[in-house]
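Quick notes on the structure that follows.
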Amino acid sequence: MAKRDYYDVLGVAKTASDDEIKKAYRKLAMQHHPDRNPGDKAAEAKFKEAAEAYEVLSDGQKRGRYDQHGHAGVDGMGHAGQGFHSMEDIFAQFGDVFGGNGSILEQFFGGQRGDRNQGANLKLSLEIPFRDAAFGTTRTIDINRNEHCPTCSGTGAKPGTKPSTCRLCGGAGAIRQGQGFFVVQTTCPQCGGAGRTIGTPCGDCRGEGGVAKKITIKIRIPPGIDDGSRLRVAGEGEPGREGARRGDLYVYVSVKADPFFERHGNDAVCKVPVTYSQAALGAEIEVPTLDGSAKLRIPAGTQPNELLRMRGQGIPDPEDGHRGDQIVVVQVTVPKKLDSRQRELLKELGEIEDKIGEQRGFLDRIKKMFG
């Protein structure tokens, strides 16, 4: 059966750069890799075909001969034109593509043994007030987590005894099983990845190596943290096995709603009521701020829902600490009850507005349109 054109195999043009060829090959290799397609002979064949094409086109000398003479030009040059005898050949040939020693198995079946022995991560939800989120704070919290058993020092074995190396995996914590041309690595079912077994468990922790304990720790909440943020507190999770590092504590922060403020980026927005006379004549009023309170000048003729900006009174930026602004939304209030004097003055004002105000001009324009 005639071989396909190597450029067609990788799906690239003959003018493709080395990076484009490498990217195309990696995509096909990940798609047809035997670990992702167990028992699929067609996928295995495509995987080997793509590897053969890349082996030629990634080499400047071989690519030049192939461009000039086709498959005949690269026959006898290493694997090209002859195919690969095993998956190990491919992995060894293309370590730069698959990473490390050429195997991508670790991407699918876990990392090194030390990673498997690392302690478990913990999660915690924490609700804080709006102002604490703006300026940062410190919280003292209690968490329940496992600590190394003091009786067995975390080994899980009864004092005076020691764990034994797992016979099934030889202490590796994982076993490899051959399936055709490739090898699958899985966690050892006998030791659960620990690489050791306990013949005589510790009576206090029952072989677990850890006991539940309440721990009090302090958490620093940085300024400007937003609702729904996640904080990582390194090394405050479960202890690791065999000296491996502890897991981490992840704190999910929610921010309580504030009676005055809403957050828009780094700006703090609040709605402030003013009277009709204050909006019309102008005034200086006291408004709440994140720092307490401050004076704000209301310009004469301020309209309902107009926005007034107070520079540097907002929320600190989490990156550089620069504070945003406070945005005041002016809400002109209309009194629901009036005494006789207020009624008299407003009636007089209404009569004046009826003669010279904008409402009269608006009514006149309506009459002209429909008159």
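The table below gives the values:
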| read-out | value |
| --- | --- |
| Qualifying residues in region 215-272 (those that are in contact (Cβ under 8 Å) with a residue 60 or more places away in the chain and polar (S, T, N, Q)) - the one farthest from residue 118 (Cα to Cα) | 254 |
| Output for region 323-343, where each listed residue is outside any helix (DSSP H, G or I) and out of contact with any helix residue (DSSP H, G or I) (no Cβ under 8 Å at 6 or more places or on another chain) | 323, 324, 325, 326, 327, 328, 329, 331, 336, 337, 339 |
| Test result for residue 38, in a loop (DSSP other than H, G, I, E, B) and either surrounded by 18 or more Cβ atoms within 10 Å (Cβ to Cβ) or touching a His at 6+ places or on another chain (Cβ under 9 Å) (or both) | no |
| Those helices (runs of 4 or more DSSP H) lying entirely in region 79-181 with at least 1 residues modelled with pLDDT of 90 or more and of a type in the set (Asp, Glu) | 130-135 |
| Hits in region 240-267 - residues which are of a type in the set (D, E, K, R) and closer than 30 Å to residue 208 by Cβ | 241, 242, 245, 246, 248 |
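The values are calculated or read from the model by the stated rules, or taken from the named source; none is laboratory data. Treat the numbers as computed from the prediction; the structure is a model and nothing was measured. Quick reminder, even Gly has a Cβ in these numbers, built from the backbone with ideal geometry, and neighbours come from all protein chains shown.
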